[in-house]
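Laboratory data are not the source of any read-out in this text; all were calculated from the coordinates shown. Keep in mind that what you see is a predicted model, and the values were worked out from it rather than measured. Cβ placement follows ideal geometry from the backbone for every residue including glycine, while neighbour counts extend to all protein chains displayed.
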Amino acid sequence: MRRYYEHQAYQASITPLQPLIVEEMEAEEEERFVHPFELSPWYWQAYFKLKRVMFLVANFFPCGLVGSLMIVSDNPRLREYWLTLLVSSIETAGCSFQKLAQWVSMRPDMFPEDVIVALAHMRTDSPQHSFEHTREAIRASFGKEIEEIFEEFDSEPVASGSVAQVHRGRLRESYAIEAGIVGCEVAVKIRHPAVVAETFADMDILFDFMESGWLPTMVPFPKEKVVRMMQSQINLEHEALNLAKFSMNFRKECDAGGIGFPQVCTNLLSQGVLVESWSPGVCVENLSKLGENFQEVCQSVIGEVQDEISLGKKKLAEKIFDINVKMFLRDNLVHGDLHGGNLLVDDKGTCVVIDAGLVSSLSVELRPTFDRFLYSVCVGDTRDSIDTLLLMGHFRGDDDKTDVSLRAKAQKAMFESAIEDCLTKHVTNPMKADSKAPIELGDLFGSIFKTMNTHDFRFNGECASALMCMSLAEGVIRSLDPEFDVARRAVPYFMRYTAKDMVLGM
């Protein structure tokens, strides 16, 4: 992998063979990745899982008890205490449960608003690990002390996620030259100490619990896909590869200065440590709030400056939309966690995309159908939306798709009717001249997911992942420009990038 970075990803010239090299490396990486605990004896694995179950039961028991009392008493103060207890229990449970909480926080169609608000901060603010672990991780990865590699290194992290936390540092000149980093300031991403252990058994436990009926199936992915996604995230070399692929896909936009991705220090890269160029700028999450209370701050120049702020936010929304729709339709490689905390804007207006550990893509077989579904939604074609949706999943108990009984036909008819109601409620045809209101895709997809659960429709995991990524990105765009119509703006991109494939897939 390192040889690839040194000789391909960060060279000035890009050869036509590079996409093939990337595909071969990705397949190679998935094939050879084995969770370290899988190599342990079966009896040790059984003991570890049992111990983990006991810990989780003890951890969540107080939360479950208070939750039961809250339901019985309907006491608002007890509910506030339960929400606080829920957040602390999830933080203690670790990486897998924090990731689940992040997904829950993006599902307002399935959970109450106060739960969504309580869990939302986990997308950008997870518990930190000690500086001693950071020092040990760098020593174990590179065989050197922090002071030997860095002139400066902030002991306090600038951010902490569910998988890793980030420190700011300054490389010594010899390391900076070897890495080819312009400037010596870097972001140092260190994996949390318990992440490897937590990702071994927790997904099995979580899915068993959901299948028992105690929780709704709020994660619309098959277990195998979730496990693969989690395990790819704990390997920071995988994130480095994703950054290289994004840089390659957007090389023209990067050269023009409109978009940027951090540059990985290939001489300082391991599964547990990732060193990359420091990306100065302001989080889009903070920018989206800029100007909300401006009138109270400065009455005298409110009109002129407020208009300038609004115009800047609209331009940024257009840029983020362009990035996201190209990831979907042009490249079939989508940033899986494109919220406002993972987008930075510098003083030159460059939008820098960070934290690329989670990506989504569709198989060659699924992509034409999925593209047709999105296009039909964008142009208001209800019948084709339903037909393509049915092609991307099946009903529970109908895995072999051979059940043609009257019951199966009735189930299909009820599902189609429910989906039609969703589309009618949320979608107006943007091709009509009198259609002004933007289509809110996030709300539409949320309603569709809820309808799927109600009618036992098993949606393809890859497609579900793509729709959730799209909903997340739309949320960022609409926070900057509430009137931005993602559906209408996407139509020309379909014509440019997918028209031929959609026709072939019909």
Exercise. Quick one: Karplus J couplings for the range 76-81, per residue in order, coefficients 6.51, -1.76, 1.60, θ = phi - 60°, nearest Hz, x for Gly and Pro?
Worked result: x, 5, 5, 5, 4, 5
Exercise. Going 7 Å from the Cα of Glu185 in the Cα-to-Cβ direction, what parts of the range 116-155 have a backbone nitrogen less than 18 Å from that spot?
Worked result: 150-155
For this session: Report the calculated FRET efficiency for Arg396 and Val364 (r = Cβ-Cβ distance, R0 = 30 Å), to the nearest 0.05.
Result: 0.65
Exercise. Counting only residues 5 or more places away or on other chains, whose amide H sits under 5 Å from the amide H of Val186 once H atoms are built in the peptide plane?
Worked result: Gly169, Arg170, Leu171, Trp278
For this session: Go through Lys313/Lys348; Lys314/Lys425; Lys326/Lys450; Lys189/Lys313; Lys245/Lys314 and tell me which ones have a Cα-Cα distance over 24 Å in this structure.
Result: Lys314/Lys425; Lys326/Lys450; Lys189/Lys313; Lys245/Lys314
For this session: For a quick protection proxy, order the peptides 438-448, 63-73 by their average other-Cβ count within 10 Å, most packed first.
Result: 438-448, 63-73
Seminar exercise, completed: Reduced to Cα centres, the span from the range 64-107 to the range 181-201 in Å works out to 27
Exercise. Distance in nm between label sites at Ser310 and Arg496, each 7 Å beyond Cα in the beta-carbon direction?
Worked result: 2.8
For this session: Tell me the label-point distance for the pair Asp114, Phe131, using the 7 Å Cα-to-Cβ offset, in nm and rounded to one decimal.
Result: 3.9
Seminar exercise, completed: Long-range amide H partners of Ala159, meaning residues 5 or more apart or on another chain whose placed amide H is closer than 5 Å, are Val166
Problem set entry | the range 242-288 shape via C-alpha gyration tensor axes, a/c threshold 1.5 | oblate
Problem set entry | Where labels lie 7 Å past Cα in the beta-carbon direction, separation of Arg139 and Phe55 in nm | 2.3
Seminar exercise, completed: Between Ala256 and Glu156, Cβ-based FRET efficiency (R0 41 Å, step 0.05) works out to 0.70
